[in-house]
Structures are given as structure tokens and as C-alpha cells.
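Chemist: Shown below is the structure under consideration.
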Amino acid sequence: MALGSHTEVTAVLEPCGDAGHPDCGIRDVLDRIGDRWSVLVIVELASGTRRFNELQRAIDAISQRMLTLTVRRLERDGLVIRTVYPTVPAQVTYELTERGRGLTHLVKQLADWSLEHKAAIGASRKLYDLENPENVIR
């Protein structure tokens with residue numbers, strides 16, 4: 001079957017048919033779990049429970065504020081459990097929920113793919129930039 005129009009192509013690629021909005025909420029979920037910091041937090045928590053400072057040391061260049069926002073968002077989405085222990089000072093730990101643990105193999109596959117193709121993607125970018133010096137995409 002030959003596809004001619006944009007509408008025909010997107011209809012074939014539509015993952016959930018006519019469920020109201022074209023992206024069926026997929027974009028919202030992918031925005032959260034696919035952002036730079038969330039992926040790194042999920043990768044770190046895949047090895048087990050971590051304290052806040054352990055997470056911050058493990059995730060290079062993340063600020064305290066950004067880490068706080070990221071773990072709160074992941075907690076809100078039901079991917080991370082935050083436990084506060086009644087000590088002085090209070091001890092707080094983070095761990096993946098069962099739903100969060102379900103993401104770890106997907107994140108690992110993405111990380112493995114990224115490592116495998118990193119050099120080729122870098123070479124493609126250099127070639128593209130050489131062939132398109134006026135382009136501002138970076």
C-alpha cells in the first residue's frame with residue numbers, strides 16, 4: 001500500500017487510535033521519564049536505595065534544587081518512594097517503586113544503544129555541520 005499524505009502516514013504510526021488527543025498522553029509520560037535528570041536518577045536507583053547526598057554525588061553536575069525537583073516529580077508519578085526517617089538530622093532515602101523498576105531494563109537498553117552509537121552519531125553531526133555551516137542546529 002502506498003502512502004501519499006501526511007495524514008495517512010501519521011494514521012499508520014498512531015499508537016492508540018482515536019483516544020481523544022492525538023498523542024493519548026504519551027508525550028506527558030515521555031517528557032517526564034525521558035528528561036536528562038530523570039533518566040540518570042532512575043539509572044542510579046536501579047542499583048538500590050540511595051540517600052539524597054549519594055544521589056547528588058553520583059549524578060554529575062546536578063544541582064540540589066534540580067535533584068529535589070526531579071525526585072519529587074518521579075515520586076508524584078509513582079516511580080520513586082521517598083522515605084523520611086525520624087532522626088536528627090532527618091535521614092531521607094529514595095528507591096524505585098515496582099513501576100519504576102519496570103523502567104530499568106528500558107533505560108538500560110537506551111543507555112546501551114547510546115554507547116554503541118555514540119561515535120557514529122558524533123561523526124554524523126560533524127559531517128552535517130561541515131556540509132551545512134549556515135545551520136544553527138546544535
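Bear in mind that the values in this text are calculations on the coordinates, not laboratory data. Being a predicted model, the structure only gives us computed values, none of them experimental. Methodologically, a virtual Cβ is constructed for each residue, glycine included, from the backbone with ideal geometry; neighbour enumeration extends over all protein chains shown.
Chemist: What number, in percent, do you get for the relative contact order of the range 24-131 if the mean sequence gap of Cα pairs under 8 Å and at least 6 apart is divided by its residue count?
Modeler: Worked out over the range 24-131, it gives 26 percent.
Chemist: State, to one decimal in nm², a quarter of the convex hull surface area for the C-alpha atoms of the range 83-138, i.e. the direction-averaged projected area.
Modeler: Dividing the Cα hull surface by four gives the mean projection, 7.3 nm².
Chemist: Rounded to the nearest angstrom and ordered from largest down, what semi-axes does the equivalent ellipsoid of the range 24-131 get from its C-alpha gyration tensor (root of 5λ)?
Modeler: The answer is 30, 16, 13 Å, longest axis first.
Chemist: What does the charge add up to near residue 46, with Lys and Arg as +1, Asp and Glu as -1, over the other residues with Cβ less than 11 Å from its Cβ?
Modeler: Here the charged neighbours net out to +1.
Chemist: Could you pull out every residue, at least 5 positions away or on a different chain, whose amide H is within less than 5 Å of the one on residue 80? Hs are placed 1.01 Å off N in the peptide plane, and Pro or chain starts have none.
Modeler: HN-HN under 5 Å from residue 80: 75, 97.
Chemist: If you don't mind, another one. Just to check I understand the Karplus step: with θ = phi - 60° and J = 6.51 cos²θ - 1.76 cosθ + 1.60, what whole-Hz values come out for the range 48-57, glycine and proline as x?
Modeler: So the Karplus estimates, Gly and Pro as x, are x, 5, 9, 7, 4, 5, 5, 4, 5, 5 Hz.
Chemist: I've got another one for you. Please rank 85, 128, 94, fewest neighbouring Cβ atoms within 10 Å first, as an exposure proxy.
Modeler: Ranking 85, 128, 94 by Cβ neighbours within 10 Å, fewest first, gives 85, 128, 94.
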